[in-house]
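Each remark here refers to the structure printed beneath this line.
Each reported figure results from applying straightforward, stated rules to the coordinates on display, with no laboratory input. Predicted model only: the values in this text are computed from it and were never measured. With ideal geometry, Cβ positions are generated from the backbone for all residues, glycine too; neighbour counts draw on all protein chains shown.
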Amino acid sequence: MTMPTKLVVDCSTGVTTEVELTAEEIAQREADAAAYAEQKAAEDAAAAAKAEAKANAEAKLAALGLTADEIAAL
Amino acid sequence: MALTYVAIATTTVGSGGSANIEFTSIPQTYTDLLLVSSLRGSQNGATLAGLALNGSTASFTGRYIYGDGQSTVSGSDGGNVVNYATGISVTANAFTNAYSYIPNYTSSNYKSISSDVVLEQNQSTNAMFLSATLWSNTAAITSLSLNVSAGTFAQYSTATLYGIKATV
């Protein structure tokens, strides 16, 4: 199995080397990925809830007789 | 760039891709650091890129706003996400371009990182991401790494680390 690699740039020499990730780095990468996925799911849920609330509010305003332009101007 | 900007080091990802781009032995002779990157990933969709400072991904907190022309999301998080990599499902050769600025990186105070990211996709839903991040650690920054959350950074992705001097 090919191990993922990283580019390491030594700023004191300007030399770049490609090295395989350590087991610890791979474990950290997997933990970070899980945390990112959890964060993304929360963001998506928040965005969906916000969009639904906005649509509901606009529907109620339209039912009161406001035009689309009037609603957009609010 | 003004004369106060000095390119400390730059690198370009090769044909095999790379999971991380790491700058080590960062000189302690500048006032601030600026990381400029152009990143494309190996996954279909855009992937997040996290920052590690001195090898650590812990003690990061921040606030962000993300918009793609259709919706916006903002919030706070305990993560170290400061960047993205454009996915392969969008136009070939499109990269996410970003700046991350780190003032006073040698101080013994906590370090702030402000990032300005555009996920160029050559589509109507190009996205922007702005973040303000705090690394609650008092150590001077001697190494810095961008870590993609899945897959690898694709070939021709680049990163350049600049040192900023207060005066020429």
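Some points to look at:
- GNM top mover of B:Ser18, B:Ser71, B:Ser114 - chain B, alpha-carbon springs below 10 Å: B:Ser71
- Charge dipole (Cα centre; +1 on Lys/Arg Cβ, -1 on Asp/Glu Cβ; no other charges) of the protein assembly as shown amounts to roughly 340 debye.
- In the distance distribution for the protein assembly as shown, Cα-Cα pairs more than 28 Å apart total 35 percent.
- Packing-based exposure ordering (other Cβ within 10 Å, fewest first) of B:Phe153, B:Phe129: B:Phe129, B:Phe153
- Here's the list of lysines a cross-link from B:Lys165 could span, going by alpha-carbon distance under 28 Å and ignoring same-chain residues fewer than 8 apart: B:Lys111.
- Inter-chain shielding of B:147-153 (mean C-beta neighbours from other protein chains, 10 Å cut-off): 5
- Separation of alpha-carbon centers, region A:14-74 and region B:66-108, rounded to whole Å: 13
- Sorted fewest first by neighbouring Cβ atoms within 10 angstrom, A:Glu20, A:Glu43 come out as A:Glu20, A:Glu43.
- Simple spin-label estimate for A:Glu30 and A:Leu74 gives 5.0 nm between the two label positions (7 Å along the Cα-to-Cβ direction from each Cα).
- Least to most buried among B:Thr167, B:Thr133, B:Thr96 (fewest other Cβ within 10 Å first): B:Thr167, B:Thr133, B:Thr96
- Cα shape, region B:1-83, gyration tensor, a/c 1.5 rule: prolate
- A full extension of the chain between B:Gln70 and B:Tyr101 corresponds to an added length of 8.4 nm, given 0.36 nm per residue minus the alpha carbon distance.
- Whichever aspartates and glutamates have a C-alpha closer than 16 Å to that of A:Lys60, once near sequence neighbours (fewer than 8 apart) are set aside: A:Glu52, A:Asp69, A:Glu70
- Label-point gap, in nm, between A:Glu20 and A:Glu58 - each point 7 angstrom along Cα→Cβ: 5.4
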